[in-house]
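Any read-out appearing in this document is the output of simple, stated calculations on the displayed coordinates, not a laboratory observation. Bear in mind the structure is a predicted one, so any value in this text is a computation, not a measurement. All Cβ positions, even for glycine, are placed from backbone atoms using ideal geometry, and neighbour counts span all protein chains on display.
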Amino acid sequence: MNHHTSLRSRFFGLAVLFASLSGLRAQEHATFTAGNFTFTRPPKWEWVESTSQMRKAQLKATDADAKASADVVFYYFGAGGAGGVEANVNRWLGQFAEARDQINAKIEHATVGKTKITYVQAEGTYKSGMPGGPTTPNPGFALIGAILESDGGNVYIRMTGPKEFAKSLVVDFKKMVESGLKKD
């Protein structure tokens with residue numbers, strides 16, 4: 001075997017190793033925990049490093065053209081933290097510049113196994129930013145949210161992004177939310 005063949009075979013071996021490691025990396029952290037629930041991340045959604053202690057996980061979904069993206073954030077504050085379901089639904093709907101009757105607000109209640117879920121959808125000019133701080137208006141946005149009730153503390157999941165793109169993710173969003181629930 002000459003020197004070039006040996007280098008090529010080593011290079012090929014390293015390429016195979018890196019490819020297999022990157023495959024493992026893609027599967028790494030496919031599941032994650034928030035509160036009493038363990039969720040499965042949709043395969044095409046990326047992890048985002050969270051800079052806030054309040055955020056237990058943060059994901060980003062990007063469309064095929066990389067022109068639109070939606071942010072998905074998981075919050076968990078412990079038992080009794082962050083107020084009740086209704087207070088949080090009102091807080092989310094209040095993050096729109098338009099009045100509640102102009103944002104196509106939808107609130108849906110479901111039960112999976114023993115877990116009560118409140119799904120929330122709204123669309124309009126979403127004001128992003130920290131509560132009580134400056135906000136940035138995002139016209140044509142949608143909010144898709146879920147609140148999972150638990151004795152150990154509710155889990156709040158909020159997705160925001162351009163309206164059409166965010167609404168196209170509702171099925172994947174609900175599948176991810178319900179992946180963390182016991183069905184019995």
Which entries in LYS44/LYS182; LYS127/LYS163; LYS56/LYS106 show an alpha-carbon gap greater than 18 Å?
LYS44/LYS182; LYS56/LYS106
Under the rule rounded for a/c under 1.5, else prolate if a/b exceeds b/c, else oblate, using alpha carbon gyration tensor axes a ≥ b ≥ c, segment 29-179 is classed as rounded
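In percent, what relative contact order does segment 29-179 have, based on Cα pairs under 8 Å that are 6 or more apart in sequence?
About 23 percent, as a whole number.
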Which of THR118, LEU93, THR38 sits farthest toward the positive end of the charge dipole of segment 29-179, with +1 on the Cβ of Lys and Arg and -1 on the Cβ of Asp and Glu?
THR38
Can you compute the charge dipole magnitude of segment 29-179 about its Cα centre, using +1 on each Lys and Arg Cβ and -1 on each Asp and Glu Cβ, nothing else charged? Give it in debye, rounded to the nearest 20.
120 debye
Inter-label distance for SER179 and SER128, nm, one decimal - labels placed 7 Å from Cα along Cα-to-Cβ
2.3 nm
